[in-house]
Amino acid sequence: MENREDLNSILEFLPVVLRSTALFWPSQVVKALKALSKGPEHSKVDSGEVLFLAISDIRRSLNLSAGDLAFSTADGFSLFFDDLISRAEANKWFREILPALADSLLRLPGMLEAHYQSADSISCIGARNGLKMGLRLLKSQEAGIVLLSKELIGALLACSFFCLFPNSCRGANHLQVINFDHLFASLYDSYNEKQENKIKCIIHYFERISSSTPVGNVSFERKVLAADHNLKYIFSPKTESWSKSVVSLCLFEVCSSGLIEDHSKEALEVDFANKYFGGGALARGCVQEEIRFMINPELIAGMLFLPSMADNEAIEVVGAERFSKYTGYAASFQYCGDFLDKKDIDIIGRRKIRIIAIDALFNPGERQYEHEFLVREVNKAFCGFSDPCKSQRYQMLFEDNELSEAQLEQDLKSVNSKSDNAVEICQPVGFQDEIGIVTGNWGCGAFGGDPELKAMLQWLAASQALRPFMVYYTFDIEALQKLEQVTQWINFHKWSVGDLWNMLVEYSSQRSKKETQVGFFNWLLPLLSSDDPMMLDVP
C-alpha cells in the first residue's frame with residue numbers, strides 16, 4: 001500500500017493512518033466508534049450536544065485541532081438534533097442511524113484497501129489510454145477518472161459528518177473544506193429554513209444508506225482541453241476554428257417550466273458550477289449547484305479530491321443517485337421527503353445520471369461580450385459537453401473545416417483500421433451518440449451573465465461536441481421569451497456552428513463598442529425577418 005502513487009497523493013487529506021501494508025484507525029478512535037456503533041445505551045450519546053462532544057473526542061485522538069472547526073459547530077449540532085427535529089426522529093437517529101454510520105467508519109480502512117486492490121483491475125472505462133481508477137488527488141490539468149463504490153462514498157460522507165477530514169493542507173491545494181462543520185455552524189449563526197432543510201436532505205441520505213447498504217459505483221472525471229491529441233484529453237479548438245466550423249447545429253428544445261434533474265431521457269445534466277466543485281453546498285449556498293448536491297449527496301465525495309477547475313476544465317459525474325424530493329429555491333428551499341431514483345444502471349454499476357459541472361464567468365458585466373471571453377465560455381461548455389472518447393473526431397472536425405460529419409465517419413474508419421483502436425476501446429461505455437444536453441440559464445442569475453448569450457454559447461458547444469439535442473429549461477424568465485422563435489428559425493434554415501458563431505461575434509463586437517444595447521435576439525430578429533416571411537409564422 002505504501003508504494004501506491006494514487007494513495008500517497010490523497011493520504012494527507014484522509015483521517016486514516018497508513019503503516020506499511022495496511023490502513024487503520026488509531027486505537028482510541030476504534031474504541032470510540034465501537035461504543036457509538038452499539039447505540040446510546042452503551043455510548044451515552046443521545047443528544048446533539050453529547051454527539052458533538054463525542055465527535056470532539058474522536059478528533060482529539062486524530063490530533064485534529066478544535067480551532068479548525070467553525071466556531072458555532074457545537075451549537076449547530078445541538079440546535080438541529082435537540083430542537084429542530086422531533087423526539088421520534090431524534091430517537092431513530094441516535095438508536096439506528098448514528099450506530100450504522102459509526103460501523104461504516106470502523107470499516108472505512110478495509111473499504112479503502114479493497115478499493116485500491118480492485119482499482120487496478122477495472123478495465124471497462126480504464127482502457128482509454130491506461131487511465132487509473134483509484135482514489136487520488138485529481139489535480140488541475142490532470143485528466144482522469146476516480147471510480148468509487150457507493151458504499152465507500154457513504155463512509156467518506158460519514159467522515160464529513162463527524163468532521164474527521166484534516167483541513168490543514170486543503171486550501172493550499174485549492175480544495176474546499178469537506179467537513180460538515182460550516183453546514184451546522186451556519187444553521188446556528190443565522191438560522192433560516194433553507195439551512196435546516198439542506199441538513200435534512202443529508203440526514204435523509206444517511207437514513208437510506210443505514211437501512212440498506214448502497215450498491216453500485218459513481219465515477220468522477222476531470223475533463224481537460226489540450227492542444228495536442230491525447231486520448232486522456234479533449235482536443236482544444238483554436239479561436240478561429242469556431243468561425244470556420246461547418247458542423248450542423250443540433251436540435252434545440254425549449255421548456256418554459258420544469259427542472260433539469262426531472263428530465264426523463266438520459267442526457268448530460270448541467271451543473272451551473274462554481275470553479276470550486278460544490279460551491280457553497282457545505283456552507284450557506286442554496287442555488288442550483290448547492291441544491292443538486294443536497295438531493296444527490298454522493299456528489300459531495302468529489303469535493304474531497306477535486307481541486308478547483310481552470311478555464312479549460314470541467315468535471316463529469318456519472319452515477320450520483322438522487323435521494324430527496326424538494327420544492328423552492330434559495331431562501332424558499334424545502335426538503336419534501338424520499339425520492340426513489342429509478343434510472344437504469346450501466347455495465348459498471350453506475351446509475352445513468354450524468355452531471356456535468358462547468359463554471360461560468362462570475363459577474364462578467366460588459367466584458368462578457370469581448371471576444372476573449374466569448375471564447376472562454378464556449379470552450380468551457382465544449383469541454384463539459386464533449387465525450388473524451390471522441391477526441392479524435394473533434395480534432396479532425398476542427399482541423400479540416402470543410403469535412404462533413406458523414407465524411408468524418410468514413411475517415412475515422414480508415415484511421416481506426418491503421419491505429420491501435422484506442423477510439424474503439426472507448427466505445428462500450430464512452431460512446432454517447434444518443435446522449436444530449438439538458439441545461440438552462442448557466443452563468444446567469446447569481447453569476448450575472450446574459451441569458452441570451454449563454455443559451456447560444458451552450459448550443460454552439462453542444463453541437464460541436466456532436467450531441468444530438470439540447471433541452472433548455474428557461475425557468476420562464478422574461479429575457480428568453482423569444483428563445484424558441486429564434487432557435488426554430490435557425491434550425492429551419494440549417495445554420496452551421498460557424499454561421500451562428502460569426503453572428504454572435506458580430507453582435508458582441510457591436511455591444512462592446514456600445515453600438516447596440518439591445519439583447520441578441522432583438523438584434524438578430526430584424527435581420528432575419530427582413531428577408532424571410534417565415535418569421536411571422538413562428539410562435
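The values are calculated or read from the model by the stated rules, or taken from the named source; none is laboratory data. Note that the structure is predicted; figures quoted are calculated from it, not measured. In this analysis, Cβ positions are derived from the backbone assuming ideal geometry, glycine residues included, and neighbour counts consider all displayed protein chains. Just the protein is used for accessible areas: all its heavy atoms, side chains included, with ligands, DNA and RNA removed. Shrake-Rupley method; radii C 1.70, N 1.55, O 1.52, S 1.80 Å.
Considering every residue within the stretch 47-60, establish whether at least one is in contact with a helix residue (DSSP H, G or I) (Cβ under 9 Å, 6 or more places away or on another chain), at negative phi, free of Cβ contacts under 8 Å to residues at least 12 places away in the same chain and of a type in the set (Lys, Arg).
yes
Of everything in the stretch 142-167, what is over 18 Å from Ala119 (Cα atoms) and of a type in the set (A, V, I, L, M, F, W, C)? Give them in sequence order.
Within the stretch 142-167, Leu157, Ala158, Cys159, Phe161, Phe162, Cys163, Leu164, Phe165 meet the criteria.
Scanning for something more than 29 Å from the chain's Cα centre (by Cα), at pLDDT below 95 and not in a loop (DSSP other than H, G, I, E, B), does the stretch 28-46 turn up at least one residue?
No.
List pairs: first in the stretch 198-217 and under 15 Å from Ala102 (Cα atoms) and charged (D, E, K, R), second open to solvent by less than 40 Å² (accessible area, probe 1.4 Å) and assigned to a helix (DSSP H, G or I), Cβ under 6 Å, 6+ apart or cross-chain?
Glu207/Ile97
Residues of the stretch 507-536 being at pLDDT 80 or above, part of a helix (DSSP H, G or I) and surrounded by 14 or more Cβ atoms within 10 Å (Cβ to Cβ), which ones?
Of everything in the stretch 507-536, those that are at pLDDT 80 or above, part of a helix (DSSP H, G or I) and surrounded by 14 or more Cβ atoms within 10 Å (Cβ to Cβ) turn out to be Tyr507, Ser508, Ser509, Gln510, Arg511, Ser512, Phe520, Phe521, Trp523, Leu524, Leu525.
Step by step: first the residues of the stretch 268-280, then only those that are in contact (Cβ under 8 Å) with a residue 60 or more places away in the chain and not charged (D, E, K, R), then the one that is nearest to Ser463 (Cα to Cα). Which residue is that?
My answer is Leu268.
Considering the stretch 47-60 alone, what residues qualify as being in a helix (DSSP H, G or I) and surrounded by fewer than 18 Cβ atoms within 10 Å (Cβ to Cβ)?
Passing the criteria: Glu49, Leu53, Ser56, Asp57, Arg60.
Go through (1) open to solvent by less than 40 Å² (accessible area, probe 1.4 Å); (2) within 17 Å of the chain's Cα centre (by Cα) one by one and return the number of the condition Asp341 breaks.
Of the numbered conditions (1) open to solvent by less than 40 Å² (accessible area, probe 1.4 Å); (2) within 17 Å of the chain's Cα centre (by Cα), the odd one out for Asp341 is (2).
Across the stretch 487-506, what is the total count of residues that are of a type in the set (Asp, Glu) and surrounded by fewer than 15 Cβ atoms within 10 Å (Cβ to Cβ)?
Matching residues across the stretch 487-506 total 1.
Restricting the search to the stretch 86-116, which residues are buried (at least 19 other Cβ atoms within 10 Å of the Cβ) and either outside any helix (DSSP H, G or I) or not aliphatic (A, V, I, L, M) (or both)?
Result: Trp93, Phe94, Pro99, Ser104, Pro109, His115.
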